[in-house]
Amino acid sequence: VYHRLYNGALKNYHSFNMDNRDKYYYKRVYTGCVRAIDFIYTLPEFNGNLATFGGSQGGALSIVIAGLDARVKGLVAFYPALCDMAGYAHGRAGGWPHMLKDEKNRTPEKMKTIQYFDVVNFARQLKVPGFYTFGYNDMVCPPTTTYSAYNVINAPKELFVAETTAHYAYAEQWSAAWNWVMNFLKNKSK
């Protein structure tokens with residue numbers, strides 16, 4: 001099912017309505033994540049301590065939502081996508097999904113829309129602690145794009161660079177991330 005969707009109705013989904021910030025695909029994704037937090041807060045068993053956690057698009061969403069919603073208390077981001085997407089227009093690598101690698105996509109409308117959804121802009125808004133990890137061989141989310149977000153974060157942050165990884169994580173990264181988030185949430189509960 002997912003393979004058919006990816007090659008059919010959702011082919012190039014990340015570029016849907018890229019020339020209009022109010023209709024761009026990721027607007028619905030970002031607002032949908034905030035609505036998910038709204039739902040979590042309705043659950044009687046929820047204790048009020050929430051951290052975001054993800055890799056690639058999930059890593060991007062972890063940063064974005066923590067930057068957007070003050071109810072998020074901490075975050076973990078593995079090799080976040082959607083960072084410095086306009087890098088290609090400035091002579092450097094851009095972040096996944098690399099739609100601006102193709103010069104025909106660098107129209108003024110698309111360049112303006114992308115600015116609203118670039119993870120770097122949300123990273124600047126972070127006020128909560130975070131754990132970040134990636135590797136230097138990642139061609140999907142190049143490390144320069146990840147650093148573009150990481151370097152603008154003024155909140156407490158911990159970095160685990162696994163130099164030899166690409167777009168995946170070693171067991172040590174997973175262990176460090178889970179230990180960080182579990183300790184963080186336990187300390188928030190006290």
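The values are calculated or read from the model by the stated rules, or taken from the named source; none is laboratory data. Owing to the predicted nature of the structure, the values given are computational and were not obtained by experimental measurement. Backbone-built Cβ (ideal geometry, glycine too); neighbour counts: all protein chains shown. The protein model used for the area step is the full one, side chains on, heavy atoms only, and it has no ligands, DNA or RNA in it. Shrake-Rupley method; radii C 1.70, N 1.55, O 1.52, S 1.80 Å.
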For Lys73, the aspartates and glutamates lying under 19 Å Cα to Cα, once residues fewer than eight places off in the same chain are dropped, come out as Asp38, Glu45, Glu158
Log10 I(q)/I(0) at q = 0.09, 0.18, 0.19 Å⁻¹ for the chain, from Debye over equal alpha-carbon scatterers, is -0.33, -1.25, -1.35
Largest-first ranking of His3, His167, His90 by accessible area, probe 1.4 Å, whole protein assembly kept, is His3, His90, His167
Mean shadow area (nm²) of the C-alpha convex hull around region 89-190 is 7.4
With Cα coordinates, the longest principal axis of the chain makes an angle with the long axis of helix 171-189, in degrees rounded to 10, of 60
Using alpha carbon centers only, region 3-55 is separated from region 152-190 by a whole-angstrom value of 22
For the chain, the per residue accessible area (1.4 Å probe, Å²) is 54
In Å, the Kirkwood estimate of hydrodynamic radius for region 1-87 over Cα pairs equals 14.4
On the formula 1/(1 + (r/R0)^6), with r taken between the Cβ atoms of Arg35 and Tyr136 and R0 of 35 Å, the FRET efficiency rounded to 0.05 is 0.45
With all protein chains present, region 61-190 has a carbon and sulfur share of its accessible area (1.4 Å probe) in percent of 55
Computed on Cα atoms, the radius of gyration and Dmax of region 131-190 in angstrom are 12.8, 41
Sorted on mean Cβ neighbours within 10 Å (highest first), peptides 60-67, 23-30 come out as 60-67, 23-30
